[in-house]
Amino acid sequence: MSTEFVPAAEVRPVTFAVHASDHVERGHRRGEELRTGIASTLEAYRRYFAHLSITEAAVESSAASSWQRLQEWWPTGAEEVVAVAAGAGIDVTELMEIVARTEIMTQAPAAPTECSTVSHTSPGTSVAAQNWDWAADFSTLWHFNDVGAVPGQHRHVGIAEFGMLGKIGLNEAGVGVLLNILKHTRDTDGGVPIHMILARVLAEAGTLAEALEIIDSAPTSSSSIITVITAEAAVQVEIAGAHKRERRARAVHGADGETGESGFLIHTNHFLHPDLLDGALELRPDSTSQERYRHLAEAVVRFEAERALARGGRAVTVADLTKLVTTGPGDAPVCCTPAPGAAYGDRSATLVSVRIDPARKQIDLAPGSPADGLHGNRRFQL
């Protein structure tokens, strides 16, 4: 197998746009139309799991356990997963190796890569941005995901890895989600896949409260941070195994993530909620999470000072957030680029730049990081 990868900014992802009469037909079409990408992604994750020293038997057992929990928690979503697998010509437990990849990777001693997210809460105009970092070897294994509404579910747009129903995105009700991975001693495999929680929020949540209720109801086993963004507010839900805590912007200035006096929230890849710090772990020995967090916090303070000088202040926009998450040589790697000559399994990259404006029902998605110039950016209007 080739050890080469396509630089993230050069990727021109396919768009999966699907309109169907119900969720089962929609799933079957996903499997059929994205069959090649699903097969490539399954092969890539199997190689990656082996690199992380997770045995084939452990992968299969974990996928089967997550599949059982998913069926209990969200039967409708499970039915759609079955349809995707059938359309792709694979067994559902094989597809679950992709869908539950975060839960499977709790069995590895170190998580592979990291992300950075910034949001700003201002009633009626809240916005968010994320640099989605992942293994550079997966740079071509994601797509734009434009999922048409079916009875009881919303249309939603975002990105998804091949085989997943959803990931990072925004729905037509103005509810968006972003995701950062975390690590905790409470982590185990076999819980409801974090990516199915994201998919359910996008499909079913019509309000911030409904999104938070969906997240809280899920029997999770792996650690992550889900940022829910609506025009009303941004809320971070830190997950440590089965435990969850919310973080909201407050009018304070401190080191626990609430920075400035106008609603900024930052998250990288370490726990911030005081209730979850006992047992919190760094993702890996060379984690840059603390460094990236400090960089972003300092950038927000500078931005706030400049904005305060403007007459009457002004609304924070996705363009402002894009500048905050743009870094260059010598900065903390909020924009992540693999080091020259980095070996397989040790080369992370910002694969996608995401910006969400719920009030305008807009989401911008660009291959690569904002430092790459946002060439290939797609703006979707819901």
Per the rule of 0.36 nm per residue minus the C-alpha distance, extending ALA149 to ARG360 adds in nm 74.1 nm
So, with points 7 Å from each Cα along the Cβ direction, the ALA17-ALA319 label distance in nm works out to 2.6
The number of Lys pairs in the range 116-381 whose alpha carbons lie under 22 Å apart, excluding pairs fewer than 8 residues apart on one chain, is 5
Here the FRET efficiency for SER217 versus GLN290, based on Cβ atoms and R0 = 35 Å and rounded to 0.05, is 0.65
The equivalent-ellipsoid semi-axes of the chain, taken as the square roots of five times the Cα gyration tensor eigenvalues and listed largest first in whole Å, are 30, 23, 21
Computed over the range 11-107, the Cα gyration tensor eigenvalues, each multiplied by 5 and square-rooted, give semi-axes in Å (largest first) of 23, 17, 10
Subtracting the Cα-Cα distance of ASP91 and GLU33 from 0.36 nm times their residue separation yields 19.2 nm
Treating every alpha carbon of the range 128-242 as one equal point scatterer without solvent, the Debye formula yields log10 I(q)/I(0) values at q = 0.20 Å⁻¹ of -1.12
Site ALA242, offset 7 angstrom along Cα→Cβ, radius 13 Å on amide nitrogen, limited to the range 172-214, gives 186-192
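Counting residues in the range 193-232 as N, plug N into 2.2 N^0.38 Å and put the Cα Rg over that result.
Rg over 2.2 N^0.38 Å, computed on Cα atoms: 1.09.
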CD proxy, 222 nm, the chain: helix-only mean residue ellipticity via -39,500 (n - 2.57) per DSSP H run with n ≥ 4, per residue, nearest 500, stands at -10000 deg cm²/dmol
Note: GLU4 to SER40 extended length (0.36 nm per residue) minus current alpha-carbon separation gives 11.5 nm
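Here, each number is a calculation from the coordinates, and none is a lab measurement. Because the structure is a prediction, the values reported are computed rather than measured. Virtual Cβ from ideal backbone geometry, glycine too; neighbours counted across all protein chains shown.
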